[in-house]
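**Student:** Structure provided below as structure tokens; questions to follow.
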Amino acid sequence: MQNEYCVLESAASNDYPMLSWDEYFVGLVRPKPVKPLGRPVKLRLGKPIPRNPIMADFHELPEPVFSPRMKNALEPLGLHGVQFIPADVLVKPDDVRPYWVMHVHNWIACIDRERSVVSLHEDGDVFGVQKLVLDERVLEAISLEQRLAFCLADTPSTHVFHQSLVEQVLALKPEGLRFISVSQWSDSAAFQP
């Protein structure tokens with residue numbers, strides 16, 4: 001099962017900017033749906049801003065932020081525990097682009113702590129993952145439809161996708177993202193080419 005899942009990461013390029021909130025919006029990093037605002041949330045380029053930023057199909061907030069074409073491909077799949085929140089990204093004072101925050105409120109506690117290599121806070125919470133092994137028993141108890149995309153409950157900024165979903169996304173030839181097999185992923189993967 002370790003090879004059936006991948007972690008979503010930004011492509012290794014300094015030209016793809018991370019994003020930041022341009023307004024206070026509470027609630028996206030929690031395991032429940034958020035109430036829509038009735039308007040797009042406001043985002044901006046995060047620091048450090050690349051000299052020539054490329055607005056790709058994927059950016060990190062650290063929540064996933066997708067281009068309209070990616071959202072249009074993913075939303076009809078009816079992914080369990082996934083909500084798309086409209087966002088306006090301020091690229092320049094005269095350049096605001098539509099994007100979609102993928103709020104994954106499907107959190108699954110499935111790190112196999114015996115086989116993974118993790119660093120823990122004193123209270124037992126995970127703060128670092130050097131080697132990730134998913135607990136197959138936990139995942140097998142959940143229907144595949146309910147675990148196609150999820151956040152690791154132990155590290156909620158880690159978004160995990162089933163291989164079948166990865167293949168559908170990659171068929172679109174998206175720019176700005178990569179998927180790393182769980183068996184090859186660590187929390188330092190974002191900094192590796």
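The values are calculated or read from the model by the stated rules, or taken from the named source; none is laboratory data. Bear in mind the structure is a predicted one, so any value in this text is a computation, not a measurement. Glycine also receives a Cβ, built like all others from the backbone with ideal geometry; neighbour counts cover every protein chain displayed.
**Student:** Do any residues in segment 1-25 that are under 20 Å from Val129 (Cβ atoms) have Cβ atoms under 6 Å from those of residues that are modelled with pLDDT under 90 and part of a loop (DSSP other than H, G, I, E, B), where the two are at least six apart or on different chains, and which pairs are they?
**Tutor:** So the pair list comes out as Ala12/Pro193.
**Student:** Among the residues of segment 3-35, what is the count of those that are assigned to a loop (DSSP other than H, G, I, E, B) and modelled with pLDDT of 90 or more? Write out each step before concluding.
**Tutor:** Within segment 3-35, the subset assigned to a loop (DSSP other than H, G, I, E, B) is 11-18, 22-35.
Filter again for modelled with pLDDT of 90 or more, leaving 11, 15-18.
Count: 5.
**Student:** Could you pull out the residue among Val138, Val118 that is on the phi < 0 side of the Ramachandran plot and part of a helix (DSSP H, G or I)? Outline the logic, then answer.
**Tutor:** Numbers: Val118 fails: part of a helix (DSSP H, G or I).
Selected residue: Val138, the only one of Val138, Val118 that is on the phi < 0 side of the Ramachandran plot and part of a helix (DSSP H, G or I).
**Student:** For the condition in contact (Cβ under 8 Å) with a residue 12 or more places away in the chain, small (Gly, Ala, Ser) and touching a helix residue (DSSP H, G or I) at 6+ places or on another chain (Cβ under 6 Å), what is the one hit in Ser157, Ser183?
**Tutor:** On the way: Ser157 fails: touching a helix residue (DSSP H, G or I) at 6+ places or on another chain (Cβ under 6 Å).
Just one listed residue meets the conditions, Ser183.
**Student:** Return only the number of the condition from (1) crowded, with 16+ Cβ neighbours inside 10 Å; (2) not in a loop (DSSP other than H, G, I, E, B) that His80 does not satisfy.
**Tutor:** If we test His80 against (1) crowded, with 16+ Cβ neighbours inside 10 Å; (2) not in a loop (DSSP other than H, G, I, E, B), just (2) comes out false.
**Student:** Within segment 84-108, track down each residue that is loosely packed, with under 12 Cβ neighbours inside 10 Å and either charged (D, E, K, R) or in contact (Cβ under 8 Å) with a residue 24 or more places away in the chain (or both). Explain how you work it out, then say what you get.
**Tutor:** Step one: of segment 84-108, the residues loosely packed, with under 12 Cβ neighbours inside 10 Å are 92-95.
Once the filter is applied, which keeps residues that are loosely packed, with under 12 Cβ neighbours inside 10 Å and either charged (D, E, K, R) or in contact (Cβ under 8 Å) with a residue 24 or more places away in the chain (or both), segment 84-108 yields Lys92, Asp94, Asp95.
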